[in-house]
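Where a number appears in this text, it was derived from the coordinates with a stated rule and is not lab data. Just so you know, these numbers come straight off a predicted model, no measurement behind them. Glycine gets a Cβ as well: all are built from the backbone with ideal geometry, and neighbour counts include every protein chain shown.
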């Protein structure tokens, strides 16, 4: 089906008529599903008005549609990032898995600590219960010794509670730096190509610059969610540590008064 003078459709697909070839070919990459569905609706219509997408470039031979079809998709742009882009993606996957694991662990710890606050007897399955057990074992000691023992136990619990938070922070800082590294190396390659072949083809130069900036986008796409995940996970960890320190101070105060 010909729409106007310069648009050809067939079974919901957009066709191309290259000048001088006298051949009609299907575009290797078609527009979005909504446009193809609209083209099918147009071909099946018998009357009335039907909306569909057309190439408005007219006598230039459908160059706009061809150019849009030649633009890379998101998967192709990801591959343009090269090995640096793959490393950044791997860091993002590690950050997501680590954040999910730590969120599940800290949720369990926080729930057990909350239950321990309402339980007078010390339960050793949670950090607060182990701190309270140290207070019970050294109930007759002087206040200074008791404070040191409680502080030592809190220090033992801290690495387990804060595990993984440092790595998340490192990923959030390293990802944009790796993206910048990929951009710089990509720009170097682009300028080398300009030195060898000149600036006669702006399309090629723009494509090289676009590919170089892909790693920067990937770095920011990894860093921003990682920062948010770090803040989300750090909150319950600091809450648990605050409860441990608060209860330790309360035990020392009670012992001092006694």
So if R0 is 51 Å, what FRET efficiency would residue 34 and residue 136 give, r being the distance between their Cβ atoms, rounded to the nearest 0.05?
0.15
Tell me the angle of helix 165-197 to the major Cα principal axis of the chain, expressed in degrees between 0 and 90 and rounded to the nearest ten.
30 degrees
Roughly what would the spin-label model give for residue 76 and residue 144, points 7 Å off Cα along C-beta, in nm?
7.5 nm
Let me have the 222 nm mean residue ellipticity of the chain computed from DSSP H runs of 4+ only, each contributing -39500 (n - 2.57), with the sum over all residues rounded to the nearest 500.
-24500 deg cm²/dmol
If one compares the long axis through the Cα atoms of helix 143-161 with the longest principal axis of the Cα atoms of the chain, the angle in degrees, nearest 10, works out at 20 degrees
How far is helix 82-117 tilted, in degrees, relative to the longest principal axis of the Cα atoms in the chain, given as a value from 0 to 90 rounded to the nearest 10?
30 degrees
Among 234, 126, 11, which one shows the biggest mean-square fluctuation in a GNM of the chain, springs joining Cα atoms closer than 10 Å?
11
Cα-projected label distance for residue 189 with residue 160, points at 7 Å along beta-carbon direction, nm
4.8 nm
For a label point 7 Å from the Cα of residue 50 along Cα→C-beta, name the residues of segment 1-22 whose backbone N is under 14 Å from it.
1-4, 8-14
Could you sort 176-182, 110-116, 210-216 so that the peptide with the highest average Cβ count within 10 Å comes first and the rest follow in order?
210-216, 176-182, 110-116
Provide the FRET efficiency to the nearest 0.05 for the residue 151-residue 111 pair, computing r from the beta carbons and using R0 = 35 Å.
0.90
Top of 186, 73, 92 by mean-square fluctuation, Gaussian network on the chain, Cα under 10 Å:
73
Gain in span if fully extended, residue 101 to residue 238, counting 0.36 nm per residue against the direct Cα distance:
47.6 nm
